[in-house]
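Notes follow once the structure below has been shown.
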Amino acid sequence: MKIVIYWNNENATKLLDLTKESLDWIGLSEFISIETNDTNEYKEELWIKSDNAFCVEEDSIDFKDVIFEWQVPSKEELDSLLISLIGWESHWGCSEDWCSGCHWGC
C-alpha cells in the first residue's frame, strides 16, 4: 500500500508530517510508503478538488482513491484511519512472527 499526499499548500505539509508520525507510531513505516504529488495529471485522474488530499494506492489490485481532502485530521483520527485501512484486526494482527515492538505492546 502507498499513501500519496496531493499537495501544494501549508496544510498539505502538516498532513504529510502527521501521516509520517502516525505511520511511525503505529509501526507501519516499513510496510506503507508515503509520497507526495502535485501534478495536475494526478489531480485530474483522482478528481481532487482541494489543494491537499490524502490518497491511497494499492498496485496489487489496481486501486487509487481519495480518502479525504482539504482538512488535516487530528492525530487520533489519522491513527484510527490508518489502522482501519490496513484491516489491523483481520489481516495484520500482531503475532510473534510479525510484530517488531509496535506501539500496541505485542
Query - Identity of the residue in segment 32-41, touching a residue at least 24 places away in the same chain (Cβ under 8 Å) and not in a strand (DSSP E or B), that ends up farthest from the chain's Cα centre (by Cα) - result: ASP38
Requested in this report: Return only the number of the condition from (1) under 11 Å from the mean Cα position of the chain (by Cα); (2) surrounded by 14 or more Cβ atoms within 10 Å (Cβ to Cβ) that GLU77 does not satisfy.
Outcome: (1)
Query raised in the report: Being under 22 Å from ILE86 (Cβ atoms) and in a loop (DSSP other than H, G, I, E, B), is that true of even one residue in segment 1-20?
Result: yes
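Every residue, every condition in (1) assigned to a loop (DSSP other than H, G, I, E, B); (2) at positive phi; (3) at pLDDT below 80, yes or no:
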| residue | (1), (2), (3) |
| --- | --- |
| LYS43 | no, no, no |
| PHE54 | no, no, no |
| SER60 | no, no, yes |
| ILE67 | no, no, no |
| GLN71 | yes, no, yes |
| ASP79 | no, no, no |
| LEU85 | no, no, yes |
| SER90 | no, no, yes |
| ASP97 | yes, no, yes |
**Report entry** segment 6-25 residues that are over 20 Å from LYS64 (Cα atoms), paired with ones that are of a type outside the set (S, T, N, Q) (beta carbon under 6 Å, 6 or more apart)
**Finding:** ASN9/ASP51; ASN11/VAL72; LYS14/VAL72; LEU18/LEU78; SER22/LEU78; SER22/ASP79; SER22/LEU82; TRP25/HIS103
Requested in this report: With respect to ASN9, determine if the residue is at pLDDT below 90 and surrounded by fewer than 18 Cβ atoms within 10 Å (Cβ to Cβ).
Outcome: yes
**Report entry** The lone exception for ILE48 - which of (1) within 11 Å of the chain's Cα centre (by Cα); (2) of a type in the set (Val, Ile, Thr); (3) outside any helix (DSSP H, G or I); (4) modelled with pLDDT of 85 or more it fails
**Finding:** (1)
Query raised in the report: Considering only residues of segment 12-26 that are over 13 Å from SER74 (Cα atoms) and among the hydrophobic types (A, V, I, L, M, F, W, C), which is surrounded by the fewest Cβ atoms within 10 Å (Cβ to Cβ)?
Result: TRP25
Query raised in the report: Does SER29 meet the test of being surrounded by 15 or more Cβ atoms within 10 Å (Cβ to Cβ) and outside any strand (DSSP E or B)?
Result: no
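The values are calculated or read from the model by the stated rules, or taken from the named source; none is laboratory data. Keep in mind that this is a model prediction, so the values were computed, not measured. Don't worry about glycine lacking a Cβ; one is built from the backbone with ideal geometry, like all the others, and counts go over all protein chains shown.
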